[in-house]
């Protein structure tokens, strides 16, 4: 999300079922942001009121409602759902190029955890950040993870040690909480991806 000098907030991203979304709405003088975007060929939606502030660990907070219709043709969540969600967000500052070794999150070692969805047994990989914020996998099962230093978004692939299946995942860093959150799409639903240092 970005806010321009005129107080207009622009949101672009992906929901945890892979659906792209976007919204562009002015903020109130108190930092309230009404979000509404139509989804699934106008059969579903994401709506809520969010608060933007720089006085807490959650720079963006609030509650939203996400509705996805049932559809026999849908690959993910064909049974549909209506969920109320607590929203948290964080400002992102790109680490300076100098001095070398400025980390996007600290300390430079942590874990990335996968669970829920179609993952039968949750698992974690030990990871570390090198001097250029490249992610090193310290666990035996394969993992590739790239962080975009310009946006704070991350993406990668991981092999489930129980099944040997490789899957892609993506998410975003939340710098004020020193974590990352995202999703991994399985056969018909998504798994949670949590990155912590």
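Please treat every number below as a calculation from the coordinates, not as lab data. Since the structure is predicted, the reported quantities are computational estimates derived from the model, not experimental observations. Here the Cβ positions follow ideal geometry from the backbone for every residue, glycine too, while neighbour counts run over all protein chains shown.
Numbers at a glance
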quantity: Computed E for residue 149/residue 36 - FRET, C-beta separation, R0 45 angstrom, nearest 0.05; calculated: 0.90
quantity: Kirkwood hydrodynamic radius (C-alpha pairs) into Stokes-Einstein, the chain, 20 °C and 1.002 mPa s, D in µm²/s; calculated: 118 µm²/s
quantity: Three principal axis lengths of the range 71-147 [C-alpha, angstrom, descending]; calculated: 53, 33, 21
quantity: Residue of 160, 30, 17 that the Gaussian network model of the chain assigns the largest fluctuation, springs spanning Cα pairs under 10 Å; calculated: 30
quantity: Mean Cα-pair separation over length for the range 2-89, i.e. relative contact order, pairs under 8 Å, 6 or more apart, %; calculated: 18 percent
quantity: Residue-span extension gain [residue 168 to residue 70] - 0.36 nm each, minus C-alpha spacing; calculated: 32.8 nm
quantity: Potential extension, residue 130-residue 109 segment - 0.36 nm per residue separation minus Cα distance; calculated: 6.6 nm
quantity: Share of Cα-Cα pairs in the range 109-196 lying beyond 17 Å, as whole percent; calculated: 42 percent
quantity: Convex hull (Cα only) mean projected area of the range 2-89, reported in nm² to one decimal; calculated: 5.9 nm²
